[in-house]
1. Name the residues in the range 64-90 that are over 18 Å from the mean Cα position of the chain (by Cα), closer than 18 Å to residue 14 by Cβ and not aromatic (Phe, Trp, Tyr), would you?
2. Filter the range 258-278 down to the residues that are among the polar types (S, T, N, Q) and surrounded by 15 or more Cβ atoms within 10 Å (Cβ to Cβ) and list them by number.
3. Would you check if residue 203 is surrounded by 16 or more Cβ atoms within 10 Å (Cβ to Cβ), small (Gly, Ala, Ser), in contact with a Ser or Thr (Cβ under 6 Å, 6 or more places away or on another chain) and closer than 27 Å to residue 65 by Cα?
4. Enumerate the pairs (first residue in the range 291-304 and of a type in the set (D, E, K, R); second residue anywhere and surrounded by fewer than 21 Cβ atoms within 10 Å (Cβ to Cβ) and part of a strand (DSSP E or B)) with beta-carbon separation below 9 Å, excluding pairs fewer than 6 apart on the same chain, so at least 6 apart or on different chains.
5. Tell me which residues, restricted to the range 207-252, are small (Gly, Ala, Ser) and at pLDDT 95 or above.
6. Looking at 162, 152, 216, 157, can you tell me which residue is closer than 19 Å to residue 247 by Cα and surrounded by fewer than 20 Cβ atoms within 10 Å (Cβ to Cβ)?
7. Find the residue count for the range 220-252, including only residues that are under 30 Å from residue 289 (Cβ atoms), of a type outside the set (Asp, Glu) and either in the same structural domain as residue 32 (by TED's automatic domain parsing) or surrounded by 14 or more Cβ atoms within 10 Å (Cβ to Cβ) (or both).
Amino acid sequence: MTQNLPAFEILPRDLSAYREGNVGIDYVHRFESGKPGPHVLISALTHGNEICGMVAATHLLDTGVRPKIGTLTVCFSNVEAYESFNEAQPFESRQLVHNMNRIWSAELLDGGEDSPELRRARVLRPVIDAADYILDIHSTSQDVVPFWVYPAYDRNAQVALAIGRPPVHLVMPSGLGSGTPLIQYGHHGDPAGHGAAMVVECGQHFKRSAAELATAVTLDFLAHFGLIDQEPAAAAPPAQRRFELLETHMVKSADFSFTRPLVGFETFAKGELIANNGGEEIRSPCDDCTIFMPTRAPIVGREAVYLTRPL
């Protein structure tokens, strides 16, 4: 088993000092400038083992970042899952019951199901409702290039393109296809909504570079909306690459298997076999079909793979 464990360049730290926020909700901290401006939410630990968000959020709190205009809210979301982290099983603390980034629908939030994630999401609803702009910080199980994820609204694309890093974008014209993520909750999922909401996938969960990028992009995000001063760019931003989500496939069978090892960003020709999903074949819907987030360990009912095409 140990041969499959990743290298740990960063690990969880005790967050108990951040539990008592200032809005009456554990692990939520809000700072108001007293001047007109946008309300920006930085969301960390939607998944409990995606440590880079914790690093970025604690950086804001530890260094006393305060908004020059508008309002800044810093939220640690799924701390209960985070606290279950075990180095021997580092991928298991992603969630306790529900994937907290798939439950932001009225059907689930107002329904009768119960779990630690649903209870926490219900408590956090007013926090999300209040935000004009949301940066939800994530990382990936595989060591791939970082990328943005956002619904295909111009208001999201403009922000990601203006910030410039990471230079890869996964654009969702029809949603995620496997539930409702935080960035599509409420008005952020409405074509006529206001503000912007996006995920930044910062790299492999336990790499220091993921934490460094998460912190840098968080500061870029706040600077973009004028809440803090913009640091001078060290270099010109790299060329942007955008991909459109075409299909989301879920694991339907315990014997799910890819036709070759995949980590992400591999390409397939139209009609080429990508995976066997029980009795179902997953084939490429187009030439240059690009793989995003192939499952590391197939679990029935969870995402298997996202199929995209370059834009």
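The values are calculated or read from the model by the stated rules, or taken from the named source; none is laboratory data. This one's a predicted model, so the numbers in the text were calculated from it and none came from an experiment. Note: ideal-geometry Cβ built from the backbone for every residue, glycine included; neighbour counts use all protein chains shown.
1. So in the range 64-90, the residues over 18 Å from the mean Cα position of the chain (by Cα) come out as 64-72, 83-89.
With closer than 18 Å to residue 14 by Cβ added as a condition, the list becomes 83-87.
Those that are over 18 Å from the mean Cα position of the chain (by Cα), closer than 18 Å to residue 14 by Cβ and not aromatic (Phe, Trp, Tyr): 83, 84, 86, 87.
2. Taking the range 258-278 as the starting set, the residues that turn out to be among the polar types (S, T, N, Q) are 259, 267, 276-277.
Within the range 258-278, 276, 277 meet the criteria.
3. Answer is yes for this residue.
4. From residues that are of a type in the set (D, E, K, R), the pairs are 302/250; 303/248; 303/249; 303/250.
5. Here is the first cut: in the range 207-252, the residues small (Gly, Ala, Ser) are 209-211, 214, 216, 223, 226, 233-236, 239.
Scanning the range 207-252 gives 209, 210, 211, 214, 216, 223, 226.
6. Values: 162 fails: closer than 19 Å to residue 247 by Cα; 216 fails: closer than 19 Å to residue 247 by Cα; 157 fails: closer than 19 Å to residue 247 by Cα.
Step by step, each of 162, 152, 216, 157 is checked, and only 152 is closer than 19 Å to residue 247 by Cα and surrounded by fewer than 20 Cβ atoms within 10 Å (Cβ to Cβ).
7. Of the range 220-252, the ones under 30 Å from residue 289 (Cβ atoms) are 237-252.
Still in the list and also of a type outside the set (Asp, Glu): 237-243, 245-246, 248-252.
Those left that are additionally either in the same structural domain as residue 32 (by TED's automatic domain parsing) or surrounded by 14 or more Cβ atoms within 10 Å (Cβ to Cβ) (or both): 240-243, 245-246, 248-252.
Qualifying residue count, the range 220-252: 11.
For (1) at pLDDT 95 or above; (2) under 25 Å from residue 262 (Cβ atoms); (3) more than 18 Å from the chain's Cα centre (by Cα), each residue gets a yes or a no:
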site	(1), (2), (3)
93	yes, yes, no
105	yes, no, no
116	yes, no, yes
138	yes, yes, no
147	yes, yes, no
